[in-house]
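This report refers to the structure that appears directly beneath it.
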Amino acid sequence: MKLRHALLPLSLLAALPSVAAARGLEIRDMVAMDRVSAPVLTADGGTVVFAKRSVDANLKASTALFARNLLTRDAAPPKQITPAGWNVNSASLSADGQTVYFLSAKNGSQQLYAQPISGGTPRQLTDFAVDVDSYHVSPQDDRVLFSAGVFQACASDLACTEKKLKDKKDAKASGQVWDSLFVRHWDTWNDGRRNTLFVAPLPAAKAGPVKGASALSATIDGDAPSKPFGGNDDFAWSPDGASVVASIRVAGKQEPWSTNFDLYRFDAAGKQAPVNLTASNPAWDAGPVFSADGKTLFYRAMKRPGFEADRFGLMALDLASGKAREIAPEWDRSAGGITLSADGASIYTTADDLGEHPLFQIDVASGKATRLIGDGSVTSVDVAGNSVAITRNSLKSNDQVLVGQLPAAGQAMGELRALTPAAGDVLKDVRFGDYEQFEFKGWNNDTVHGYVVKPHNYQEGKSYPVAFLIHGGPQGSFGNGWSYRWNPQTYAGQGYAVVMIDFHGSTGYGQAFTDAISQHWGDRPLEDLQKGWDAALKKYRFLNGDKACALGASYGGFMVNWIAGNWNGPFKCLVNHDGVFDQRMMGYATEELWFTEWEQGGTPYQKAANYEKFNPVNHVADWKKPILVIHGQQDFRIPVEQGLAAFTAAQRQGIESKFLYFPDENHWVLKPNNSILWHDTVNAWLKQHIGE
């Protein structure tokens, strides 16, 4: 018998080396991968343009635009259309589809450029004294609506902002005085500039770049788009080019605890005062999109002021009567961006849904929602006629650009064609861990979902140490998607199994499920995590419950700190990235106060007991397990002192602990070399405590 097994067929012998050579995903693979994004279609649906970010040998990133003719079915790869050596972003297309617009800082400051979609030499269209941060070219291709950070008191002269910044830099004293919040926001100190909308004419064919612009929103004390993550989906041209609508929060000194964004309509010529179209809603109104005839404004709206994770409903505002209606009030999902069908009868939008982030088609008349494209996470979408272009990722692949044809009403989506490779196509020697979603009964006997990812080297009958990942938000999700910061495959690639639980508070399971975590940070989600851990161990025998480490960031970092004092039995080690350690201090030191005040039911002085009820600092005496603490200096959401305090708590008690500090990172670790250090440090910590 032994001799017969040794005499394997030559074909099988030839296959064995590739199997043996298969390896797991490494962080160096991930940071070196190309990243595609933001596909846009020409009006006839015949060509798609998208962005591709690449890194060089030193991990310096640059982004170029690529185009693909969709009328051919050949295997030719997309063609780079922007010149080598340029770093560009924010592509859009002219009405006739012959010109591509984009932003680039090629000549020192970020300005608007144009070039033929077939390629060629870019032409600089603007040369303002400040950077162009985001933009929309008018439907008539004759003007540009753009945002720039300026001192609004001198918005009529863009050079005034440049001079003020220079004067401040040259001043002998460095101090600054504030009389209201925000003093700082996300990762930036407030220097008095506001994101402001301007309109400028585009230069004639052979003319030089335009240097002057007219301010539209400078009379409104609010940012357009909002800081820190607002973009060009916060403002839109009307089809006739006569007006502009933008989402702006005007809150004065209440700005840090207000989520009241309204939609303001501006006369593009600047001759009439702006009009608030959504003054009756004290909560968040966002994402304006005009119908083709300009008579209806579609947008997304929350209902509860002060709550950033409320459900975004889809709205239709009749601009003549001023009456608004919710399109799909029974659809218990929070809508993403709005993309209209060619006939205006459908809205295409993405939303978290049961551990995925699919594309939905919403019938404008009836509100019926159809799950159109799933199987992972759809991250961007564009529609032209019956053509659709998306980017989609999953637990096994980064984003791909996919194109297809939209189905007729009531029909299923047809086959999608991939224009860019999946991760497995690029990393041919990498084996990704298989994954499976499971469910169990959690808090309140509700159904709770989770994912298990097998290690890349999984073999039936073996058991594997476990990385127990806890997502942040807390209104977020760890589902079927790809991440460059918390990617389960980087743990599966080290030989660990991964367990992720979408506890109460997660998105994609209905608004009531999301709401359940507010004022309950430490009980309901902890019960879900405990029951989910037990359910996973019972269902998946390959999980080694005696070798497990719990890891989390932001709210997940809070939960790691909470687990350290309230449920540290199953875990051999802990990893806390930028987590809340002291709820009371968090309520005073964070920048977006609406978050803590909603989550705790009021301010720290109004609801002191709420802040103390689930406060990790009160349970430090029960800490026992080794803990790795990570924090960035520029994290103003959860300031660095929270991480230092957690490390101090462990060190003072003689608990094995380490502190990884990034002086140049915010709430996230974004720089490639820092990401490598982050993963190397975390992997070494896991190997030390649960590695085989």
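For the reader, a short list of remarks on this structure follows.
- Residue-wise HN-Hα couplings along region 130-146, as the Karplus relation 6.51 cos²θ - 1.76 cosθ + 1.60 with θ = phi - 60° gives them from phi, are 10, 5, 8, 8, 7, 7, 9, 6, 4, x, 8, 6, 10, 9, 10, 9, 9 Hz; Gly and Pro carry x.
- Amide proton proximity set for L216, modelled H, under 5 Å, gap of 5+: L197, F198, V199
- Farthest toward positive dipole pole in the chain [+1 Lys/Arg, -1 Asp/Glu at C-beta], among Y555, L125, A43: Y555
- Label-point separation, T99 to F438 (7 Å along Cα→Cβ), nm: 5.8 nm
- Given +1 at the Cβ of Lys and Arg, -1 at the Cβ of Asp and Glu and no other charges, the dipole of the chain around its Cα centre is 1420 debye to the nearest 20.
- When both bridge partners sit in the chain, DSSP labels roughly 80% of those beta bridges antiparallel.
- Here is how the number arises for the chain: DSSP H runs of 4 or more residues each give -39500 (n - 2.57), the sum is divided by the residue count, and the result at 222 nm is -5500 deg cm²/dmol.
- Summary value for the chain: 9 percent relative contact order, contacts being C-alpha pairs under 8 angstrom separated by 6+ residues.
- Overall size of region 144-283 from C-alpha positions, given as principal axis extents largest first: 48, 44, 24 Å.
- At a probe radius of 1.4 angstrom, the accessible area of region 70-126 per residue rounds to 48 square angstrom.
- Point-charge dipole on Cβ atoms (K/R +1, D/E -1) for region 111-218, about Cα centre, debye to 20: 220 debye
- Relative contact order [Cα under 8 Å, 6+ residues apart], region 175-258, whole percent: 26 percent
- Segment S156-K79, length gained on full extension (0.36 nm per residue, minus Cα span): 23.6 nm
- Working ranking of peptides 480-490, 609-619 by packing, defined as the average number of other Cβ atoms within 10 Å per residue, highest first, is 480-490, 609-619.
- Computed extension gain for S280 through D44, at 0.36 nm per residue and net of the alpha carbon distance, reaches 81.1 nm.
- Whole-angstrom gap from region 495-511 to region 278-308, using each part's C-alpha centre: 29 Å
- Efficiency of FRET from Cβ geometry, Q688 and A342, R₀ 41 Å, rounded to 0.05: 0.10
- Averaging the Cα positions of each part gives two centres, and for region 572-632 and region 42-81 these lie 44 Å apart.
- A simple spin-label model places pseudo-atoms 7 Å from Cα toward Cβ; at K271 and E330 they are separated by 4.7 nm.
- For region 114-129, Karplus couplings with θ = phi - 60° (6.51, -1.76, 1.60), whole Hz, Gly/Pro x: 9, 7, x, 5, 7, x, x, 8, x, 10, 6, 9, 10, 9, 7, 6
- Gain upon complete extension [L677, K428; 0.36 nm per residue less C-alpha separation]: 87.2 nm
- Interchain or long-range residues, amide H under 5 Å from L660's placed H: V629, I630, H631
- In sequence order, calculated HN-Hα J values of region 211-218 (Karplus, 6.51, -1.76, 1.60; Hz; x Gly/Pro): 10, x, 8, 9, 6, 9, 10, 5
- Label-to-label distance, nm, for residues given as D318 and D375 (7 Å Cα→Cβ offset): 4.2 nm
- Dipole of the chain computed with +1 at Lys/Arg Cβ and -1 at Asp/Glu Cβ about the Cα centre; of S657, W482, L406, farthest Cα towards the positive end is S657.
- Amide proton proximity set for T99, modelled H, under 5 Å, gap of 5+: S94, I117
- Computed FRET value (nearest 0.05) for R53 with A621, which takes r as the C-beta separation and R₀ as 56 Å: 0.75
The values are calculated or read from the model by the stated rules, or taken from the named source; none is laboratory data. Being a predicted model, the structure only gives us computed values, none of them experimental. Note that we place each Cβ from the backbone using ideal geometry, even for glycine, and neighbour counts take in every protein chain shown. To get the accessible areas, we keep the full protein, side chains included, count just its heavy atoms, and leave off ligands, DNA and RNA. Shrake-Rupley method; radii C 1.70, N 1.55, O 1.52, S 1.80 Å.
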